[in-house]
Each structure stands twice: as C-alpha cells, then as structure tokens.
Amino acid sequence: MRLSTKGRYAVMAMVDLARHTNGHPVALADIADRQEISLSYLEQLFAKLRKGTLVRSVRGPGGGYLLGRPSDQLRIADIILAVDEPIRATRCAPGSPEGCVKNKSRCLTHDLWEELGNQIHLYLSSVTLNDVVENRVLGTSGLIRHGAATQSLAIEAAQPAQPTRVLAQ
C-alpha cells in the first residue's frame, strides 16, 4: 500500500504552515520553495484544505494562509481525507458487499487488508499536526536518521542477552 503524493504533500505543506505561521499568513510560494512542491499543485491542495476548513486564506499584501484551527486540534487523517485521499489497503470499495475478484467475491486476504487500512486510519487519527511539528512521532524510524552508530546500538539493545557459560576448571 502506498499513500499518493496528494496526501503526503498536503501533510508536508500543513506542517510547514504550522511551523512558519507565528500568527501571520504564510504565502504558498514560500511553502512551495521550502518543500520543493509545485506552486500550482499546492494551490489545488489548499483549495481543498480551505473547503474542509483546515486552512483559511488572507487576501492582499502580506496575505497567504493560516491554519483553520490550532495545530493540536488538526489530525493528520483529517488533512489526508480533506484532499480526497482514501486511506485503504484493499482493491474493493470500502463497505461494498462485492469483492474485487472476477466473480465479485472477496479475495482470501480481504479482511487482513481491510483491517490494515483501519489501523492506518486509527494511527493517523491519533496524531495531530502539532505532534509532527514538535517531533513527537519518532519511534524506531528516528534511530536510522541519527546514523549507523545509533542504529547498531538499538539493534544490540533489542537482541536478548546471551547466557554466560562457566567452564569447570
């Protein structure tokens, strides 16, 4: 399963907005430059985010975008859903009694993938924009970013200790 660029870019842009707003509107061109996202693509995404009331626009000189509500009240799942990004892992339409197999039955692993989609949605619903801005979502993924030394220490720490053998003399 893969999240499309639409959902990822919307989250990246919202995190950037939350980091740089300081109570003042942020221009989309600035977000586009910092995040290396096409300005026209951001305009499309922000139109959807504005429609979903996750952001609000300020017109005129010094205008731009502000968060629609405090960052600790904006869930990552809300951002992804606002840009019409489905969070699912099955080929079937959510809630449909018909499956994705030619005879309209469900495949053998349908329930597995459906539950994975549910778990992803639950996780993204538990993380706020502020959690991301404040770096409170680091799990084991943060170890890799800090280099091989940290990574090897984490791997060693995760391995069970080997019993010590005492040899008779």
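The values are calculated or read from the model by the stated rules, or taken from the named source; none is laboratory data. Small disclaimer: the values here were computed from a predicted structure and weren't measured. When we count neighbours, we look across all protein chains shown, and the Cβ atoms used for this are built from the backbone with ideal geometry, even at glycine.
Every residue in region 10-32 that is surrounded by 13 or more Cβ atoms within 10 Å (Cβ to Cβ) and either among the acidic types (D, E) or outside any helix (DSSP H, G or I) (or both), please.
D16, T21, P25, V26, A27, D30
Take the residues in region 33-59 that are touching an Asp or Glu at 6+ places or on another chain (Cβ under 9 Å) and assigned to a helix (DSSP H, G or I), then tell me which one is surrounded by the most Cβ atoms within 10 Å (Cβ to Cβ).
K48
If I filter region 59-75 for residues that are of a type in the set (A, V, I, L, M), under 20 Å from H20 (Cβ atoms), modelled with pLDDT of 95 or more and under 13 Å from the mean Cα position of the chain (by Cα), do I get at least one hit?
yes
In region 53-85, which residues are of a type in the set (S, T, N, Q) and more than 17 Å from D30 (Cβ to Cβ)?
T53, S71, Q73
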